[in-house]
Amino acid sequence: MMEDENIESLFEAPPMGEQERMVEALLFASAAPMSLTEIENRLPHGCNAREAIVHLGKRYEGRGVMLRRIGEAWAFRTAPDLGFLMQKEQVEQRKLSRAAIETLAIIAYHQPATRAEIEEIRGVSVSRGTLDMLIELGWVKLGRRKLTPGRPVTFIVTQIFLDHFGLETPADLPGVKELRASGLLDNRPPPETILPASDEAEENQNDMFE
Amino acid sequence: MMEDENIESLFEAPPMGEQERMVEALLFASAAPMSLTEIENRLPHGCNAREAIVHLGKRYEGRGVMLRRIGEAWAFRTAPDLGFLMQKEQVEQRKLSRAAIETLAIIAYHQPATRAEIEEIRGVSVSRGTLDMLIELGWVKLGRRKLTPGRPVTFIVTQIFLDHFGLETPADLPGVKELRASGLLDNRPPPETILPASDEAEENQNDMFE
Amino acid sequence: MPDDFMQEKNDINARRAAEALVVDVEGFEGPLDLLLTLSRTQKVDLRQVSILALAEQYLIFVEEAKRLRIELAADYLVMAAWLAFLKSRLLLPADPKDEGPSGEELAAHLAFQLERLEAMRKAAARLLGRDLLGRDFFKRGQTEIYSRKRVVSYEANLLDLMQAYARIKTKDDFEPLSLKRDVVYTMEQALERMKGLIGEAIEWGTLAQFLPESWRHDPKKRRSATASTFAAALELVKEGRMEMRQIDSFAPIQLRRKAGT
């Protein structure tokens, strides 16, 4: 059917059903409501956006999604009676602080880790808020007390942590040597950047990480 | 009508038509694919998201917007034949290096793949930053460690990868069946040779001969 | 041996070498990639490629690269050594006392590697040729998951975690590497030197003329000195003390003191 019309389509607009599909896709992908003019500017020459909108609106009547007119523009919106489904929680994403991510990394790699151990590895003291936050996030929990003088508490990572980071077990985390070998280390410009990255240079560097 | 059912809905799941509307609204509202569990967590108690998805998928067949399966999740996406309309919507596609795209393909077709396997296939070491970038794009993540000596880290592709390349599952990778049938996805170790016993080979021996 | 026979043989070799060298060495992704490219000149299906001929092509390529003083990475040379070994195994009658795989087995594995690499190349191309999200099909432009309840979700991915750990574990390890800087001509050095030289540079002179004598010959040193001298020159141009020009693409970069300074 489309084939027959190929030649004609140079001069004629696509059939209305096709125009409707086009408007549907356009409005779906658009980040903001679109006016008739905006829609027509995107459609092939000769299309009738107004008519396509009418058909599209009918098609979505009673569905979970509706075509809505917003001022002079059009957009899909979920049906108002289903709004309750969308009202879970608004998630505001924030980057974890460097102190937090480092503390988390140390716990993941060294668990069970005491606070003193974390501080020794990081070389700075761990603020109370950092550990509290990791615990509140559900990524870290208290482990067994260590059988050393003072019986300090230890920290370990949780199942939620593993799920979030897509790990089966903490043992799946690559070691530093593997990180380097995989090119996953921090992209600090290596001193040999000006030279060709010869194998020799790579090997020497490997030794440095032992 | 809804009002009448309000009390009952405490005990009974809404009718399937209504469940379909709900799933439609949810998937429309979300830009990211949603798993069945995520959908069901938002639906009233007792709903059957799997069945609703089947109905919904049929309803959108041939439309400008389609229901697509992406790994274990579902999302609405515009029909690929209408891409030309959305050209202005295009996100700047990051130009991938040849090394990156080949590494990605090897991981996708051979997953779970170790770094040594990737290097064995490409015949060259994986450069600093290649895997890094694929992980940052969200296309590659760590898989389970391999149960071979040295327990090397493996890499696998993600749902975001499937979504980006319009694949339902890794089994839909183009030509994967033919490649498997022809043995080109086998992990065939090189025949033991006397040569070359370079330092480099020894250095990597753990990785190379797992 | 008649002269014209030699001549002909040389011609063939020269032609082969020229053929092999059409592609820039820098353009190759390792020896296997080079072998794959060379195998295409045989114009046969990859399964019928003559590994022996391929090994010869590769060895000619490496010889030619040496002659042109093109620096080849170590793995190209390792492959050359291996192919020379393979060639001898294929040509000489098998020694019954020899342990290990036969030349044919080794050749078969190399053929498999080439076929596999090519298969992955094609797979990658097919992957990129698919309808892509954000190019051919699109997700919802606007999302509607909302509510009054605000939840702060702290975002961190596995890469952040691993890099944080690597950062901590390697923060001290980077120091000793500065010892390797002996073949690096720093920009500070270059700037110091240039400041002393610009007084005399009334006429246009090429960048290379500004390199210190002892850094001009070794390719690694020359590269480093060129980069630093160029950077230093840019700095001086920025300060309005020098002028820089390049007549044409890839023409030498020229420098001179800015008039009136």
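Nothing in this text is a laboratory measurement; each read-out follows from the coordinates by a stated rule. Because the structure is a prediction, the values reported are computed rather than measured. Cβ sites come from the backbone with ideal geometry, for glycine too, and all protein chains shown count toward neighbours.
Between rounded, prolate and oblate, where does the range C:23-101 land on the alpha carbon gyration tensor, with a ≥ b ≥ c its root eigenvalues, rounded for a/c under 1.5, else prolate if a/b exceeds b/c? The shape class here is oblate. Extending 7 Å from Cα along the Cβ direction at A:S35 and again at C:I202 yields two label points whose distance is 6.7 nm. Remark: relative contact order (the range B:98-204) = 24 percent; criterion is Cα-Cα distance under 8 angstrom and separation of 6 or more residues.
3J(HN,Hα) couplings calculated from phi for the range A:31-40 with the Karplus curve 6.51 cos²θ - 1.76 cosθ + 1.60 (θ = phi - 60°) are, in sequence order, 7, 9, x, 10, 7, 4, 4, 4, 5, 5 Hz; Gly and Pro show x. When only the Cβ of Lys, Arg, Asp and Glu is charged (+1, +1, -1, -1), the dipole of the range A:64-173 relative to its Cα centre reaches about 240 debye. Within 10 Å of the Cβ of each residue in B:135-144, the mean number of Cβ atoms contributed by other protein chains is 4.
Could you calculate the FRET efficiency of C:Q209 with C:K66 from 1/(1 + (r/R0)^6), where r is the beta carbon distance between them and R0 is 25 Å, rounded to 0.05? That gives a FRET efficiency of 0.30. A crude spin-label estimate for the pair C:E239 and B:N187, with each label 7 Å from Cα along the Cβ direction, gives 5.8 nm.
Using 26 Å as the Cα-Cα cut-off, could you pick out the over-long pairs in A:K58/C:K139; C:K43/C:K97; B:K95/B:K146? Long pairs (Cα-Cα over 26 Å): C:K43/C:K97; B:K95/B:K146.
Just need the relative contact order of the range A:15-81 here, percent rounded to a whole number, with Cα pairs under 8 Å and 6+ apart.
Relative contact order comes out at 35 percent.
Which part of the range B:97-122 falls in the paramagnetic zone of C:Q42, meaning amide N under 13 Å from the point 7 Å along Cα-to-beta-carbon? Of the residues in the range B:97-122, none has backbone N under 13 Å from the label point off C:Q42.
Once you have a ≥ b ≥ c as the square roots of the Cα gyration tensor eigenvalues for the range B:98-204, tell me rounded if a/c is under 1.5, and otherwise prolate or oblate according to whether a/b is larger than b/c. Since a/c reaches 1.5 and a/b is larger than b/c, the shape of the range B:98-204 is classed as prolate.
Which shape class applies to the range C:58-128: rounded if a/c is under 1.5, otherwise prolate when a/b exceeds b/c and oblate if not, where a ≥ b ≥ c are the square roots of the Cα gyration tensor eigenvalues?
The shape class here is oblate.
The mean count of C-beta atoms from other chains within 10 Å of the C-beta of residues in B:70-81, rounded to a whole number, is 5.
Computed from label points 7 Å out along Cα-Cβ, the spacing between B:H55 and C:T186 is 7.3 nm.
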